[in-house]
Amino acid sequence: MSSFELLALLEHMSDEGAFKKALRHGEYSESEMTWRHIANELARLRATMHAVHGGQRYEPPILMSKAQMDAEAEDTEASEQRREEFYAFADRTPKAIDTAPALDPDDVLDFAE
């Protein structure tokens, strides 16, 4: 098989196949993304119908792309890190005080002067 024939076969492969998915770095195909968007819109419509006509609260499931899931995971991790840094600042247990960096006298402002 020539390289031209191989390229022609690869180009016309199914978008849902493993090869094309690997080329997209694991992202869903365009048709899969379309169906996910339709499902999201229907879930939002159902949530709106619940809100308008009363009844129990409905929280729609949102289907995200792989890139959106990765971005949300990074945001969550960054938020957790900021929260830990904030609470570590206020930690006054003996272990935290012993491991805290010593203050440089030149950095400390003396307001009594």
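All of the numbers you see were taken from the coordinates with simple rules; none came from a lab. All values derive from a computational prediction rather than experimental measurement. In this analysis, Cβ positions are derived from the backbone assuming ideal geometry, glycine residues included, and neighbour counts consider all displayed protein chains.
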Discussion item. What pairs come out if I take residues in segment 3-32 that are under 16 Å from M64 (Cβ atoms) and pair them with residues that are part of a helix (DSSP H, G or I) and of a type in the set (D, E, K, R) whose C-beta lies under 6 Å away, six or more apart or interchain?
Written reply: G26/K66; E27/K66
Discussion item. Can you report the number of residues in segment 50-81 which are over 11 Å from the mean Cα position of the chain (by Cα), surrounded by 10 or more Cβ atoms within 10 Å (Cβ to Cβ) and of a type in the set (D, E, K, R)?
Written reply: 1
Worksheet item: Applying the selection to segment 33-54, what residues are among the β-branched types (V, I, T) and more than 21 Å from D70 (Cβ to Cβ)?
Response: I38, T48, V52
Worksheet entry | Matching residues, segment 3-43, being in a loop (DSSP other than H, G, I, E, B), surrounded by fewer than 12 Cβ atoms within 10 Å (Cβ to Cβ) and among the charged types (D, E, K, R) | E16
